[in-house]
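Notes to accompany the following structure.
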Amino acid sequence: MALLPPCRRRSWLVFHASAAVAGASLAMPARAQPGGAARPLGIVQIADTSPAQQDVSRDFLIGSRAAWQDLNARGGLRGRPVLHRVVETDGSAAATRDALAAAAADPACIALSGCVGDPVAAALPPLLLRGPAAGLANVAPWLQRSGVDIGTNTFLIFAGHEAQIAHAVRNLAVMGVAELGVIYADAAARRQAQAAVARSATALGLRVRDWQPDAAGLLPLGQRLGPQTPAILLFVGGAPELQQFVQGLGRQKRQRYVVALADVSLQVLAPLGLAARSSASVIAAQAVPLVTAGVPVVRAYRDVLARLFDEAPSPLGLAGFVAARYTAEVIAAIDGTPTRAAVLAAFQKRTPVDLGGFRIDYDAGGRSAGPVTQSMLAPDGRIVG
C-alpha cells in the first residue's frame, strides 16, 4: 500500500488511538450516573481499521463522531446522553465476531450504527441472524456489495456498488460511449462486481472489456494498456489500488477517464499529486449528496465538522454523519423506553424519512435507494463537484 502524506498519517494515528480507547471500554457495564443524571444510551460502531480500509473508516468515523457529539451538546437523545463507542477490528472474521460479541454483551448498547468498511459490514448480517446479538438493530452500515442476506435487522440506506455502477454506466451511455473498460483490483473485486457490471452494460447496449492484475500488480497493468483500450475505464477497488493503476497509466497521449466507486476517497488521492502525473482524469462515485450541496443535512455536516474537527468535508465523512443522524431520528420517535427490542421494532417499520434532503425510503429488498453523485479529481489537485 502506498504511504499517505505525513499530515494525513499523523491525523489518522491520533484518531486511531482515540478510537482504540473508546473501544477498550466497551464491555464495562453501565452504571448509574452521579447526581441522578440520566443513564446514557449506548451506540456501538464496529470499524475495520486494517490498511486496506483505514481511509474509508477514518473519514466515516469522523462524520459519525461529529454527529453524536453535536447531538449530546444539544441535550442528547430523548433527554439522555449518547455513549458512542467505536470497536476496531482488523477486518478478519474472528475479530468481527469478537467485536459483535462485545457489543451484544454490553447492557447499555441499544443498537449498532454505521459499521464500516464493506468487508465488516458484509460479515455482520449473517452473525446477527442468531445468538445473543440477534436483538440488535444494525443501522446504516457501509455495505457496498450485493448478494448479502441482510435478514430482518440490518437497515441499508446507502446506494451500493450495483447502483453506483448503473449510475456511472448511464452517464457514459449519455456521452455516446459504446465500449466500457473495467479494471478489477483483484479476483475478489471481480467476483463481487462482475455480474452487476454486466447487467448495467447489457441494459444500455454497451460492450465490456475487462482486466485484472497478475502477480506483478496494478502498476504494470496500467503500463500495458495501449491506445486501443477504451478511453473510459470503470475501476473496482480501493484508493491504494487505484493510485497504483493510475500511476501505471502515466502521461499517455490519449486522454482517459477512470471512474471509481464510493470506497475511493478523492480527499486521500488529491494530496498525492496523482492527477498531475497522469493523463487520466479520476472520477469517483459517491453514495451521498455532493459535500458542496445546499441541502440542510449537508449544510449541517459542514457546520458541525468545522466546529468540532480540523477536517475538510468528504463524502465518506458525510455518509458517517448521515448514518448517525438517521439512527438518532428513528430512536427519538420511539414511544417509551428505547430498549434493544423497541429500537429494532422501530427500524423494522422502515418508515420513510427525509433527513434534511437525504431521502430514506426502503424498497422490497430492504435497501433504501439513496442518491449517487460524482466528483472529479482535476489535474491541479482540486476536487470538482
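The values are calculated or read from the model by the stated rules, or taken from the named source; none is laboratory data. Model, not experiment: these values are computed from the prediction. Backbone-built Cβ (ideal geometry, glycine too); neighbour counts: all protein chains shown. Surface accessibility is based on the protein's heavy atoms, side chains included, excluding ligands, DNA and RNA. Shrake-Rupley method; radii C 1.70, N 1.55, O 1.52, S 1.80 Å.
Values computed for the structure shown
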read-out	value
Inter-part distance where segment 348-379 and segment 260-339 are each reduced to a Cα centre, Å	13 Å
Full-stretch length increase - Q348, A216 - with 0.36 nm per residue and alpha-carbon distance subtracted	42.8 nm
Rounded percent of accessible protein surface that carbon and sulfur make up, segment 122-237, 1.4 Å probe	56 percent
Rounded to 5, the percent of DSSP beta bridges in the chain classed as antiparallel	25 percent
Mean Cα-pair separation over length for segment 207-366, i.e. relative contact order, pairs under 8 Å, 6 or more apart, %	16 percent
Relative contact order of the chain, defined on C-alpha pairs under 8 angstrom at six or more residues apart (%)	18 percent
20 Å reach of a label modelled at M376, 7 Å along Cα-to-Cβ, counting backbone N of segment 280-297	280-293
Local net charge near D98, Cβ-Cβ under 14 Å (Lys/Arg +1, Asp/Glu -1)	-3
Inverse of mean 1/r across different Cα pairs in segment 172-316, Kirkwood, Å	16.5 Å
Solvent-accessible area, 1.4 Å probe, carbon plus sulfur percent, for segment 296-345	53 percent
Overall form of the chain per C-alpha gyration tensor (a/c, 1.5; a/b vs b/c)	prolate
Helix axis angle, 6-24 relative to the chain longest principal axis, alpha carbon, degrees	30 degrees
Rg in Å to one decimal, and Dmax rounded to a whole Å, for segment 45-145 via C-alpha atoms	13.3, 39
Compactness index (Cα Rg / 2.2 N^0.38 Å), segment 236-385	1.26
On Cα atoms only, tilt of 54-73 relative to the major axis of the chain in degrees	30 degrees
Residue-wise HN-Hα coupling along segment 207-221, computed from phi with Karplus coefficients 6.51, -1.76, 1.60 (Hz; x: Gly, Pro)	7, 10, 10, 10, 9, 9, x, 8, 4, 6, x, 7, 4, x, 4
Residue-normalised accessible area of the chain, given per residue in Å² at a 1.4 Å probe	40 Å²
Segment 131-264: relative contact order in percent, alpha carbon pairs under 8 Å with at least 6 residues between	23 percent
Virtual spin-label span in nm between T339 and T229, 7 Å along Cα→Cβ	5.8 nm
Probe 1.4 Å - accessible area at Y257, Å² to nearest ten	80 Å²
Share antiparallel - DSSP beta bridges, segment 26-183, percent rounded to 5	5 percent
Cβ-based net charge around E162, under 9 Å, with every Lys or Arg adding one and every Asp or Glu removing one	+2
Within-12-Å neighbourhood charge of G317 [Cβ basis; K, R +1; D, E -1]	0
Accessible surface, 1.4 Å probe, highest first, among residues L136, L71	L71, L136
Cα long-axis angle, helix 118-127 against the chain (0 to 90 degrees, to the nearest 10)	50 degrees
